[in-house]
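Beneath this line is the structure, given in structure tokens, with notes to follow.
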Amino acid sequence: MKSTNNKIISAKHINFFYKEFHALKDINLEISSQSVTAFIGPSGCGKSTFLRLFNRMNDLIHGTRIEGLCLVEGENIYAKGVDTDRLRKKVGMVFQKPNPFPKTIFENVAYGLRVNGMGDKQFISQRVETSLRSAALWEEVKDKLHKSAYALSGGQQQRLCIARALAVEPSILLMDEPASALDPISTARIEELIVRLKQNYTILIVTHNMQQASRISDQTGFFMMGELVEFGSTKQIFTAPEREQTYNYISGHFG
Amino acid sequence: MNRKSKQTIAFGAFRLLSLAVMGILLWILGFIIYNGAGAMSIEFLTTSPKDNMTEGGIFPAIVGTFYLVVCSMAFAFPLGVMSAIYITEYASNATIVRIIRIMTNNLGGVPSIVFGLFGMSLFVNTFGFGDSILAGSLTLGLLILPLVIRTTEEALKAVPDAYRSGSLALGATKLQTVRRIVMPAAMPNIITGLILSIGRISGETAPILFTAAAYFLPQLPHSIFDQVMALPYHLYVLATSGTDIEASEGAAYGTALVLVGIVLLMNAFAGVIRRYFNNKMKTY
């Protein structure tokens, strides 16, 4: 783990295109480690695209192109010869809808370890337990580790996906609207979890829920039409936004 | 006439027609069982034909069909599955994918007798395999390849993309994702495709006519370079070109019954495998 004021992520003059569509326009920002950064903005503003830059998930979409510099722990992750599989081990991701594999609870968490060739049987079962504990799911599933992951509720499934991501010990966790498909109680549990995980991980979260952003994040970025309109401490963004667009959005005037 | 009675009449007609479809199938099955059951005996299933094929059994034809099915699937199944994986999971060039798809679809439209002719020219003559299990199986394999590719493709496409992105996001390679996530999830449907393929080739006559099938062989094949008797061809011979067609009628129906029975049995077996995978992968 890096020291607190180290910039674990920096984006410099990022432009991103889906074929002809200019999805991200000259984005610049830096993120310290062990913090929670929220990205808000209307649908289609580019915030999810921006999030997916950092584990190169956008690579899976044909016809995308990036310009600018994208640094993770000081490494240009779009340089030639970067191993995306290794990058994705370091930069974990939790998706909008819980997407456990059609395997047992245990195997879901062990999967990342297995594909990365990490450890023997004993190591794996230990790591599965610690990951499930970190994701606040252990007590609920310890007696049914070998049952299908789909026997769990939606909220539990999402925490399982968080445990699955934690198992390979990433330093950064990308979360793309992780609670948008969940009920309020499950959402609250995920939020508590995010705040707790901040001690060990750098978390980037995209959310449509502005209360959520203000509750859990340290800094907030507001995106609109592919531009990062404003980026600053969450307190400042929500109490004294510098830009009128930001103010209009967070006060619910549009979006 | 009001909407309600229109609906009653329409669905009544649909029900009648679907029952008719079922009826036809049952009729064929009943017809074959009725005519073929008389020929059925342990001897019929375990001995070779004799007395110009009016007596004896069909054991060599059963074994021959079994060999042809197994060998052609051993060739077509891996090839077809791997092509389907390439097309759906790897190929990034849309034009190439489209060309491959058009090719396989057209391949599937080629009449089976043309496959027979092609197989004879390539495998029997050019490669010098002669009339043999090998030549026949390769021909059958080519015939069935489009179906295997198509059903595997559909099976792979039915696997949610969320599984793939979930796996890749954990640092798994594409190959690991295919092997550990996509293939197991697609397996029940791939097995169904396998069932369809086996059913189709065990009944094909034209492709083996010039490449593998023997009119009469008193003994079993020793290697894949031997000719074999096969059920569909044997049926054809008994019904059209035996020395005494009337006397071999019973054997012909018996052969038909065995052929249908084998296909149904294979389907049931594949169904068991499919259920096993489904239970293992249950997502309820």
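List the residues of the stretch A:115-134 for which accessible area in the full set of protein chains is at least 30 Å² lower than for the chain on its own; 1.4 Å probe, protein heavy atoms only.
Checking the loss per residue gives A:Val115.
When the accessible area of the stretch A:7-250 is computed with all protein chains present and a 1.4 Å probe, what percentage of it is carbon and sulfur?
With neighbouring chains kept in place, the figure for the stretch A:7-250 is 48 percent.
Express the carbon and sulfur contribution to the solvent-accessible surface of the stretch B:42-280 as a percent, rounded to the nearest whole number, probe 1.4 angstrom. Mind dumping the intermediate values first?
Values: 7080 of 10850 Å².
About 65 percent, which is the carbon plus sulfur part of the accessible surface.
Kindly compute the accessible surface that chains B and A hide from a 1.4 Å probe when together, both sides summed, and give it to the nearest 100 Å².
Values: alone 15850 and 12120 Å², together 25990 Å².
In total, this chain pair buries about 2000 Å².
From the residues A:Asn28, A:Gln199, A:Met210, which one has its Cα farthest along the dipole of the stretch A:7-250 in the positive direction, the dipole being from +1 and -1 charges on Cβ of Lys/Arg and Asp/Glu about the Cα centre?
Positive-most Cα among the choices belongs to A:Gln199.
Sorting B:Lys174, B:Lys4, A:Lys47 by accessible area (1.4 Å probe), largest first, what list results?
B:Lys4, B:Lys174, A:Lys47
Based only on the alpha carbon positions, what is the Kirkwood hydrodynamic radius of the stretch B:194-261, in angstrom?
One over the average 1/r among Cα pairs gives 12.8 Å for the stretch B:194-261.
For A:Val195 paired with A:Ser10, estimate the spin-label separation in nm (one decimal), with each label point 7 Å from Cα along the Cα-to-Cβ line.
A separation of 3.2 nm, rounded to one decimal place.
Where does the stretch B:42-280 land on Rg/Rh, using Cα atoms and the Kirkwood Rh?
Rg divided by Rh gives 1.06.
Could you tell me the accessible area of A:Glu244 in Å² (1.4 Å probe, neighbours in place), rounded to the nearest ten?
Solvent-accessible area, nearest 10 Å²: 140 Å².
Using helices alone, what [θ] at 222 nm do you get for the protein assembly as shown, with -39,500 (n - 2.57) per DSSP H run of 4 or more residues, divided over all residues and rounded to the nearest 500? Don't jump to the answer; show the numbers that get you there.
Values: 22 runs with 280 residues, N = 539.
Mean residue ellipticity at 222 nm (helix-derived): -16500 deg cm²/dmol.
Would you tally the net charge around A:Ala23, using a Cβ to Cβ cut-off of less than 13 Å, leaving A:Ala23 out, and scoring K and R as +1, D and E as -1?
Neighbourhood net charge equals +1.
May I ask for log10 I(q)/I(0) of the stretch A:208-253 at q = 0.25, 0.30 Å⁻¹, from a Debye sum over the Cα atoms as equal point scatterers with solvent left out?
Listed by q, the Debye log ratios stand at -0.90, -1.28.
Report ³J(HN,Hα) in whole Hz for each residue of the stretch B:47-56, in order, from the Karplus equation J = 6.51 cos²θ - 1.76 cosθ + 1.60 where θ = phi - 60°; Gly and Pro get x.
10, 7, x, 9, 6, 6, 6, 8, 10, x
Name the residues whose placed amide hydrogens come within less than 5 Å of the amide hydrogen of A:Val229, ignoring near sequence neighbours (fewer than 5 apart) on the same chain.
Residues meeting the amide H criterion: A:Phe222, A:Phe223, A:Met224.
In vacuum, with every alpha carbon of the stretch A:7-250 counted as one equal point scatterer, what does the Debye formula give for log10 I(q)/I(0) at q = 0.09, 0.16 Å⁻¹? Two decimals, please.
-0.38, -1.16
Using a 10 Å cut-off on Cβ to Cβ distances, tally the other chain neighbours for every residue of B:171-178 and report the average as a whole number.
Rounded to a whole number, the mean comes out at 5.
Using Cα-Cα distances under 8 Å and only pairs 6 or more residues apart, what relative contact order does chain B have, in percent?
27 percent
Quick one: grab Rg to one decimal and Dmax as a whole number for the protein assembly as shown, Cα atoms only, in Å.
Radius of gyration, then largest Cα-Cα span, for the protein assembly as shown: 31.5, 102 Å.
Write down the Å³ per residue value for the convex hull defined by the alpha carbon atoms of the stretch B:25-172. Intermediate values should be presented prior to the final figure.
Values: hull volume 29.3 nm³, N = 148.
Here the figure is 198 Å³ per residue.
Might you tell me the accessible area per residue for the protein assembly as shown, computed with a 1.4 Å probe and given in Å²?
Ligands and nucleic acids excluded, the figure is 48 Å² per residue.
The values are calculated or read from the model by the stated rules, or taken from the named source; none is laboratory data. Since we're looking at a predicted model, the values are computed, not measured. No Cβ is skipped: glycine too gets one built from the backbone with ideal geometry, and neighbour counts run over all protein chains shown. Keep in mind that these areas ignore ligands, DNA and RNA; they rest on the heavy atoms of the full protein, side chains included. Shrake-Rupley method; radii C 1.70, N 1.55, O 1.52, S 1.80 Å.
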